[in-house]
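J.: Starting off with a structure, shown below.
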Amino acid sequence: MYVYDEHDRQIAAERVAQFRDQTERALAGELSEDEFLPLRLQNGLYVQRLAPMLRICVPYGMLRSDQLRRLARITRDYDKGYAHFTTRQNVQLNWPALEDVPDILAELAEVEMHANQTSGNCIRNTTTDQFSGVQVDEVVDPRPYCEIIRQWSTFHPEFAFLPRKFKVAVNASEKTDRAAIQVHDIGLQMVRNDQGELGFRVHVGGGLGRTPMVGPVIRDFLPEFDLLTYLEAVLRVYNRYGRRDNKFKARIKILVKALTPEGFAEKVEAEWSHIKDSPTRLTRDAIERIQGYFTEPAYEALDNASELLATQRFENRRFDQWLSHNIDSHKKPGYAIVTLTMKETGTPPGDVSDTQLEQIAELADAYSFGEVRVTHQQNVVLADVRQDQLFELWQRIEPMGFATANLNTLTDVICCPGGDYCALANAKSIPVAESIQRRFDDMDFLYDLGEIDLNISGCMNACGHHHVGNIGVLGVDKKGEEFYQVSLGGSSHHDATIGKILGPSFAQDDMPEVIAKIIDVYVNNRKEEEPFLETYRRIGIEPFKERVYA
Amino acid sequence: MPDIISKDGAITSDAWVVVPRPADGESLDIPDQPALIPADLWLAGKEHFEGRDDIGVWFDSHDEPELLEGLVNELKLIAVNFPKFSDGRGYSIGRLLRERFGYQNELRAIGDVLLDQLQFMKRCGFDSYALREDKDASKAARSLTFFSQGYQAATDTDVPLFRRRAS
Ligand code: SF4
């Protein structure tokens, strides 16, 4: 994992001092609310319905145990003892006091953390696959490239006031796209060309929100060394020509659409031709230097513990279920990737208490080289667990509530904070998730259904990524009442698709029943083990409409 | 008259005035003092201004600096307007004028110029700043030096941190 050097430490310290100065001037009335707004947003600070909310950056989802412990302490000292994992691999505090924020930032800086650019119209935290570096089928570990982008985009003087927020995601797996790159402003797919050289396929202009779009490819192969100069060209074109007259038309996707992907690509190439060989062009040395921080931990030479696990599974059915659902295969024999679920029914998805943060830190130290990863699904991954320790780990996490074996099933809901916490919400989202989780509490039935992404957002801003859920739920406001619009068929993977709206929206109380009917139609129509999405694609939306609105 | 802040934070003042774009059908009214006029109008009437060093130009944030490619160094002062401090187009214009068109003389930020953006402006090639009048000019020096270094190359340095680390 990346470790700060003296330059990073100095910049982080100067940032804390700068924000302290800005906060003092805001409190003293020297900065108007309008003037302070983008400054505090670029430091992750929202003023929400109930209290300020501070979004802390977790670069590409990686956290060390000392950072988890510090987060726990901060939630105790400055907040109400819990934090929230977001769908963008960040962490949020829901109740900090404005005047405490500089101190919180100082505490974070001590453990090499910050809240830079977690909000506002700037380049946000670059996200990637939570299984980076440990999965079997990746082209190369994408995290060093994410770190390179993080450094380049941090306080970039030209791009601090873009027309709108800007999100970059990187994926390096050939088969899956857990980073959902095609619904980002820039999506980078790592590839090798025919000569075996490493580079990126560049998607631009994907996004959710009001005008959901799958990002078209504007360059099939960008050599790795050209990463930053090309990003700079894309951002410059966007900064100059993106719309600023209408907030809802300001994302880069609107510009790409207006110019057509080909037209946009041409403009980028023209700009790039001027800066392509500038000193911003990466060097082998610079890339290797960052890669040096992401070397493999001290794995032991092990064999797969297949026999042991088979016996343990046979003897314990719940362990067996957990193993089938919450474990992924690791590139090293004898190791496994474990996902800890943060989705117990009755707690808002992604919420963790201070004690839980400390428990996770302990687990990381005991089983996974002291590191964890936060996922887009608001869960936490222990990426390097010895297979022969899985049973022991499972026994420890069951009572902690981290072993709900519902990963990727219908009740592993992605859900934004919604109307309970968020000032922008049209409707609550957490109670909807909870009522659906309660309706589907039969694990065996859930396993039979297989993988279904259910995503819930409390408004058009789509923090819950509802457009790309196999089943998407969007909170809407109808004459002051909270209603929910349902869409079907979305996907955030390599086959990225925006879901189709089913029809008129529903009241909150009806939601579990509506989902049950949708599931019913699926079960009645599926062929053998066919996943939900495939059945939907085969039979279309009509049968679902007929049943739900019957 | 706004305070003019120089790149090192010193507070100065000068006689340059910004001449707004005349309304359609109106003619450009150049006062009897050093004046900044819209860049396209300068270009259109270039021969009138031959040899005058008291005429400079200004770009609005949606203007294209490409307009003056090859001519920039005929001007002693170029200004870029930030109509709203949150409109970031001026930063790209600054870098293009400096890094692409090789502009050598003074580059001034005008309009909604506040303290917390000064260092970004400096990094993008601006070397004087017409601070909005209600802002405290004595704090500009601090705002220009919040950070002692940046990660990226920009107008102020062509050596990004990753190259400095290597050496
Ligand atoms: S989707 Fe809307 S309601 Fe939900 S967190 Fe985002 S802005 Fe708030």
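J.: Mind counting the residues in segment A:237-264 that are within 11 Å of chain B (Cβ to nearest Cβ) and open to solvent by less than 10 Å² (accessible area, probe 1.4 Å)?
T.: 4
J.: Is there a residue being open to solvent by less than 10 Å² (accessible area, probe 1.4 Å), out of contact with any His (no Cβ under 7 Å at 6 or more places or on another chain) and more than 10 Å from chain A (Cβ to nearest Cβ) anywhere in segment B:79-88?
T.: Checked against the condition, which is being open to solvent by less than 10 Å² (accessible area, probe 1.4 Å), out of contact with any His (no Cβ under 7 Å at 6 or more places or on another chain) and more than 10 Å from chain A (Cβ to nearest Cβ), segment B:79-88 yields at least one hit.
J.: A follow-up question, please. Can you go through A:Gln389, A:Gln377 and tell me which one is outside the structural domain of A:Ile471 (by TED's automatic domain parsing) and within 16 Å of the ligand (Cβ to nearest atom)?
T.: The unique qualifying residue is A:Gln377.
J.: Another question, then. Can you tell me which residue within segment B:135-145, out of those that are part of a loop (DSSP other than H, G, I, E, B) and facing another protein chain (nearest Cβ under 10 Å), is nearest to A:Glu158 (Cα to Cα)? So that I can check it myself, show each step before the final result.
T.: Going through segment B:135-145, the residues part of a loop (DSSP other than H, G, I, E, B) turn out to be B:135-136, B:144-145.
With the extra rule that they be facing another protein chain (nearest Cβ under 10 Å), the set shrinks to B:135-136, B:145.
Working: B:Lys135: 23, B:Asp136: 24, B:Thr145: 17 Å.
My answer is B:Thr145.
J.: So, one more: List pairs: first residue in segment A:11-31 and more than 10 Å from every other protein chain (Cβ to nearest Cβ), second residue open to solvent by less than 20 Å² (accessible area, probe 1.4 Å) and aromatic (Phe, Trp, Tyr) anywhere in the structure, Cβ distance under 7 angstrom, at least six positions apart or on different chains.
T.: A:Ala26/A:Phe36
J.: Sticking with this structure for a sec: Which one is farthest from the ligand (Cβ to nearest atom), of the residues in segment A:407-424 that are open to solvent by 20 Å² or more (accessible area, probe 1.4 Å) and assigned to a loop (DSSP other than H, G, I, E, B)? Give the steps one after another, and end with the answer.
T.: Of segment A:407-424, the ones open to solvent by 20 Å² or more (accessible area, probe 1.4 Å) are A:408, A:417, A:420-424.
With assigned to a loop (DSSP other than H, G, I, E, B) added as a condition, the list becomes A:408, A:417, A:421-424.
On the way: A:Asn408: 22, A:Pro417: 5, A:Tyr421: 8, A:Cys422: 3, A:Ala423: 7, A:Leu424: 4 Å.
The selected residue is A:Asn408.
J.: So, B:Val80, is that one farther than 18 Å from A:Gly242 by Cα and in contact with a helix residue (DSSP H, G or I) (Cβ under 7 Å, 6 or more places away or on another chain) or not?
T.: Here the answer is yes, as B:Val80 does meet what is asked.
J.: Let me ask something additional. Could you tell me which of the residues A:Ala179, A:Ala169 is outside any loop (DSSP other than H, G, I, E, B), away from chain B (no Cβ under 14 Å) and under 15 Å from the mean Cα position of the chain (by Cα)?
T.: On the way: A:Ala179 fails: outside any loop (DSSP other than H, G, I, E, B).
The unique qualifying residue is A:Ala169.
J.: For segment A:455-485, which residues satisfy the criterion of being surrounded by fewer than 24 Cβ atoms within 10 Å (Cβ to Cβ), touching a residue at least 60 places away in the same chain (Cβ under 8 Å) and more than 8 Å from the ligand (Cβ to nearest atom)?
T.: A:Glu482
J.: Inspect segment A:278-289 for any residue being out of contact with any Lys or Arg (no Cβ under 7 Å at 6 or more places or on another chain), open to solvent by less than 50 Å² (accessible area, probe 1.4 Å) and more than 14 Å from chain B (Cβ to nearest Cβ) and give the result as yes or no.
T.: no
J.: Given the criteria more than 16 Å from the ligand (Cβ to nearest atom), touching a residue at least 60 places away in the same chain (Cβ under 8 Å) and open to solvent by less than 20 Å² (accessible area, probe 1.4 Å), does A:Ala427 qualify?
T.: So A:Ala427 does not fit the description; no.
Let's see how each residue does on (1) open to solvent by 60 Å² or more (accessible area, probe 1.4 Å); (2) assigned to a loop (DSSP other than H, G, I, E, B); (3) of a type in the set (S, T, N, Q); (4) facing another protein chain (nearest Cβ under 7 Å):
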| position | (1), (2), (3), (4) |
| --- | --- |
| B:Val113 | no, yes, no, no |
| B:Phe120 | no, no, no, yes |
| B:Gly125 | no, yes, no, no |
| B:Glu133 | yes, yes, no, no |
| B:Phe147 | no, yes, no, yes |
| B:Gly150 | no, yes, no, yes |
| B:Ala153 | no, yes, no, yes |
| B:Asp158 | yes, yes, no, yes |
| B:Phe162 | no, no, no, yes |
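J.: Next question. Among the residues of segment A:384-402, what is the count of those that are open to solvent by less than 10 Å² (accessible area, probe 1.4 Å) and within 14 Å of A:Gly334 (Cβ to Cβ)?
T.: Count: 2.
J.: Can you go through B:Leu41, B:Leu36 and tell me which one is within 13 Å of the chain's Cα centre (by Cα) and either outside any loop (DSSP other than H, G, I, E, B) or exposed (fewer than 12 other Cβ atoms within 10 Å of the Cβ) (or both)?
T.: The conditions single out B:Leu36.
J.: Which condition from (1) closer than 26 Å to A:Thr535 by Cβ; (2) away from the ligand (no atom under 16 Å from the Cβ) is the one that A:Val432 breaks?
T.: (2)
J.: May I pose another question? Taking B:Ser138 as meeting all but one of (1) closer than 28 Å to B:Asp54 by Cβ; (2) in contact with a strand residue (DSSP E or B) (Cβ under 9 Å, 6 or more places away or on another chain); (3) not hydrophobic (A, V, I, L, M, F, W, C), write down the number of the exception.
T.: Going through (1) closer than 28 Å to B:Asp54 by Cβ; (2) in contact with a strand residue (DSSP E or B) (Cβ under 9 Å, 6 or more places away or on another chain); (3) not hydrophobic (A, V, I, L, M, F, W, C) one by one, B:Ser138 breaks only (1).
J.: Has segment A:385-392 got at least one residue that is under 27 Å from A:His465 (Cα atoms) and either in contact (Cβ under 8 Å) with a residue 40 or more places away in the chain or in a strand (DSSP E or B) (or both)?
T.: Looking through segment A:385-392, none of the residues is under 27 Å from A:His465 (Cα atoms) and either in contact (Cβ under 8 Å) with a residue 40 or more places away in the chain or in a strand (DSSP E or B) (or both).
J.: Here is a follow-up. Against the conditions (1) more than 27 Å from A:Asp320 (Cα to Cα); (2) out of contact with any Lys or Arg (no Cβ under 6 Å at 6 or more places or on another chain); (3) surrounded by 15 or more Cβ atoms within 10 Å (Cβ to Cβ); (4) free of Cβ contacts under 8 Å to residues at least 40 places away in the same chain, where does A:Glu530 fall short? Just the number, please.
T.: Looking at each condition in turn, A:Glu530 falls short on (1).
J.: A further question follows. Taking the criterion of being at pLDDT 95 or above and within 14 Å of chain A (Cβ to nearest Cβ), would at least one residue in segment B:38-57 satisfy it?
T.: No, segment B:38-57 has no match at all.
J.: Continuing with the same structure: Kindly evaluate B:Lys84 against the criterion of being of a type in the set (Lys, Arg) and part of a loop (DSSP other than H, G, I, E, B).
T.: Yes.
J.: Say whether the condition of being within 24 Å of A:Phe155 (Cβ to Cβ) and open to solvent by 10 Å² or more (accessible area, probe 1.4 Å) is met by at least one residue in segment A:202-211.
T.: No, every residue in segment A:202-211 fails to be within 24 Å of A:Phe155 (Cβ to Cβ) and open to solvent by 10 Å² or more (accessible area, probe 1.4 Å).
The values are calculated or read from the model by the stated rules, or taken from the named source; none is laboratory data. All values reported here derive from a predicted model rather than from experimental measurement. With ideal geometry, Cβ positions are generated from the backbone for all residues, glycine too; neighbour counts draw on all protein chains shown. The accessibility values were calculated without ligands, DNA or RNA, using every heavy atom of the protein model including side chains. Shrake-Rupley method; radii C 1.70, N 1.55, O 1.52, S 1.80 Å.
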